[in-house]
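Just so it is clear, none of the values below were taken in a lab; they were calculated from the coordinates. No experiment lies behind these values; they were computed from the predicted model shown. Using ideal geometry, Cβ is built from the backbone for each residue, glycine included, and neighbour counts are taken over all protein chains shown.
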Amino acid sequence: MVKKGNIGIGLSISESLFIRFRQFLALKYGVVQKGLISSEVELALEAFMAEHGSHTHKTQTNLMNTPNPTPLIYRVKEEVKEYMKEKMGYEVIYQVPIRHVKEAIAMVRGSDKRTVTKWLKDFKKYKVLKDITLNMVEFL
């Protein structure tokens with residue numbers, strides 16, 4: 001069933017890509033639930049249009065000057081998680097010490113304390129990270 005205000009579309013992608021995408025979503029969110037694929041495809045399409053230009057509602061100039069924080073937040077979160085997997089040996093990143101997240105942010109976005117603080121604040125603002133205890137956080 002399609003939500004009110006949305007349209008249903010049919011498309012064909014390779015089975016292997018679809019399986020990898022579902023696995024990616026299961027790891028990213030820690031759950032498999034109805035609507036995740038639609039939400040992620042919408043985010044991907046928005047990010048693609050922002051990156052390559054969209055003339056449907058905005059001009060190229062206006063589009064490139066408009067901040068697009070949500071896709072950037074998710075992209076940086078994935079960079080941080082990838083760093084933690086490669087350099088810290090995490091297999092699945094769910095609940096982790098805050099110091100590991102700070103180190104990963106410093107390595108992928110810049111080591112200035114203000115930069116690390118800004119990304120932690122933005123991660124929490126856009127609900128991709130939440131505090132569990134004083135020293136532990138959870139990626140959402």
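Pairs of Cα atoms nearer than 8 Å and 6+ residues apart set the relative contact order; for the chain it is 18 percent. What is the chain by shape, rounded, prolate or oblate, if you read a ≥ b ≥ c off the alpha carbon gyration tensor as root eigenvalues and call it rounded for a/c under 1.5, prolate for a/b larger than b/c, and oblate otherwise? Judged from the Cα gyration tensor, the chain comes out oblate (a/c at least 1.5, b/c at or above a/b).
Qualifying trypsin sites (Lys or Arg not before Pro) in the range 65-131, where qualification requires a DSSP coil assignment and no more than 16 other C-beta atoms within 10 Å, comprise K127. Against the main long axis of the alpha-carbon atoms of the chain, helix 113-125 sits at an angle near 50°.
With a cut-off of 11 Å on the backbone N, the residues of the range 92-126 near the modelled label site 7 Å out from E138 along Cα-Cβ are 94-96. Restricting to Cα pairs below 8 Å that are 6+ residues apart, what does the relative contact order work out to for the range 76-120? Please round to a whole percent. Value for the range 76-120: 32 percent. Per residue of the chain, the DSSP helices (runs of n ≥ 4 H) give a summed -39500 (n - 2.57) that works out to -19000 deg cm²/dmol at 222 nm.
Would you mind classifying the range 69-139 by shape? Square roots of the alpha carbon gyration tensor eigenvalues, ordered a ≥ b ≥ c; an a/c under 1.5 is rounded, otherwise it is prolate if a/b is larger than b/c and oblate if not. It comes out rounded by the Cα gyration axes. Given R0 = 30 Å, the distance between the Cβ atoms of D122 and Q33 translates into a calculated FRET efficiency of 0.75.
Legend: residue pairs K34/K121; K87/K125; K81/K124; K4/K125; K81/K125, Cα-Cα distance threshold 22 Å; pairs beyond threshold, K34/K121; K87/K125; K4/K125.
Candidates L27, V128, G10 compared by Cα position along the dipole of the chain: farthest toward the positive end lies V128, with charges placed on Cβ.
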